[in-house]
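Each remark here refers to the structure printed beneath this line.
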Amino acid sequence: MITNQEDTIVSKARRAGRNALDENAGKQLLASYGIRVPQSRVAKGLADVDAVMNGLQLPVVVKVMSPDILHKSDAGGVKVNLQSAAEVKSAIEGMLNAPKIKGARIEGFLVEEMAPAGHELVIGGLRDPQFGPLVMVGLGGIFVEILKDVSFRLCPIARIDAEEMLAELKGVAILKGARGSKPASQEAIIDVLLKVGGENGLLMQHAADISEADINPLIVSDTAAVAVDARFILG
Ligand code: ADP
Ligand code: MG
C-alpha cells in the first residue's frame, strides 16, 4: 500500500511540473521503504550553511541540486569529505563559479553525511511496456558503464532471485573481498534489492508512476548499504 508520505513525495513533484524527483525527494522515497540514506539537509545558499550543518556529523558531502544537471560530478557539483562549515561554504562558492553550474537553475545544495566506506554498486529499475517493472543490480563505475556487468529480473523478485542476481555478476568475487578489499555485506544488498524489486517493493508499488529508478551508487560496507545518489523518472 502506498502511504501518504510517499504519495506526497511523488504528487508534490508532479504538481511542480517535474518529470523526475530531485535527489532529496528520491532519497526520502527510498527512506520510506526502509532503505538507508545519508542524513542530509538542503541549504538554499551560503547564508544557510551554518544552520544546515547543525546536527550533521562531519565530514560531509555537498552536492548541487539542479534540474539542469544530471551528472553532478562531471559539472563539478560534488565535493566529498568536507571537514567544517568553512569548507562547505568554499565548496559552494566554487560550484557557483563552475562553468557548467553557473548557467543552470540552482535549487539548492544538498549537505549530507559521508557513508561508511565500501563497494559501490548500482541498483536500478525500469518499466517494460509489456511486462512491467524490472529490477537491476550491477557493480559500480566501469563495471556497469564499460563491462555492462549487470543482472536483471522481472518484478516482483523473491530472496532467491536476489541471491541469484548477485551470483550472476562476473565481478561477484570483488564483492566477496578479493584482492585484499573488505567484503560487501550480501545481506545488506539483498535487503535493498527486495525493498526495491520485491512484492511490496518500491517498483511494484509505484509501477504506475515511476518509469525509471537509479540508485548510483549504493555504498556497501561489510555491515551496511547506504544509497548516496538517487534518481527517479516519473511517468
Ligand atoms: P553524480 O552521480 O551526479 O555525479 P553522486 O551523488 O553519485 O553524483 O556523487 C558522486 C560520487 O561521490 C559517488 O559516486 C560517491 O563515490 C561519492 N559520494 C557521493 N555522496 C556520498 C556520500 N554521502 N558518502 C560517500 N561518498 C559519496
Ligand atoms: Mg551518482
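The values are calculated or read from the model by the stated rules, or taken from the named source; none is laboratory data. From a predicted model like this one, the values you see are computed outputs, not experimental measurements. Reconstructed Cβ throughout: ideal geometry from the backbone, glycine too, with neighbour counts over all protein chains shown. With ligands, DNA and RNA removed, areas are computed over all heavy atoms of the protein, side chains included. Shrake-Rupley method; radii C 1.70, N 1.55, O 1.52, S 1.80 Å.
Tabulated values for the structure
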quantity	calculated
Near pairs, Cβ below 6 angstrom, 6+ apart or cross-chain, from region 134-160 (over 27 Å from Ala117 (Cβ atoms)) to any residue that is charged (D, E, K, R) and crowded, with 17+ Cβ neighbours inside 10 Å	Arg153/Asp161
Spans of strands (runs of 3 or more DSSP E) in region 155-235 with at least 1 residues surrounded by fewer than 17 Cβ atoms within 10 Å (Cβ to Cβ)	210-220, 230-234
Conditions (1) part of a strand (DSSP E or B); (2) touching a strand residue (DSSP E or B) at 6+ places or on another chain (Cβ under 7 Å): number failed by Asn81	(2)
Some residue of region 20-30 being of a type in the set (A, V, I, L, M, F, W, C), open to solvent by 40 Å² or more (accessible area, probe 1.4 Å), outside the structural domain of Ile123 (by TED's automatic domain parsing) and under 25 Å from Ile101 (Cα atoms)	no
Candidates Lys176, Lys182, Lys170 - the one that is of a type in the set (Lys, Arg) and out of contact with any Asp or Glu (no Cβ under 8 Å at 6 or more places or on another chain)	Lys176
Residue within region 133-152 that is open to solvent by 70 Å² or more (accessible area, probe 1.4 Å), assigned to a strand (DSSP E or B) and away from ligand 2 (no atom under 16 Å from the Cβ) present	yes
Residue match in region 102-119 (condition: in contact with a helix residue (DSSP H, G or I) (Cβ under 8 Å, 6 or more places away or on another chain) and among the acidic types (Asp, Glu))	no
Subset of region 111-132 that is within 18 Å of Ser211 (Cβ to Cβ) and assigned to a loop (DSSP other than H, G, I, E, B) - its residue that is most open to solvent (accessible area, probe 1.4 Å)	Gln130
Number of positions in region 33-53 that are farther than 25 Å from Lys89 by Cα and open to solvent by 40 Å² or more (accessible area, probe 1.4 Å)	2
Test result for Glu107, open to solvent by less than 10 Å² (accessible area, probe 1.4 Å), acidic (Asp, Glu) and under 21 Å from the mean Cα position of the chain (by Cα)	no
Filter result for Ala16 (farther than 20 Å from Ala115 by Cα and crowded, with 17+ Cβ neighbours inside 10 Å)	no
Yes/no for Gln57 being polar (S, T, N, Q), more than 30 Å from Met204 (Cβ to Cβ) and within 16 Å of ligand 1 (Cβ to nearest atom)	yes
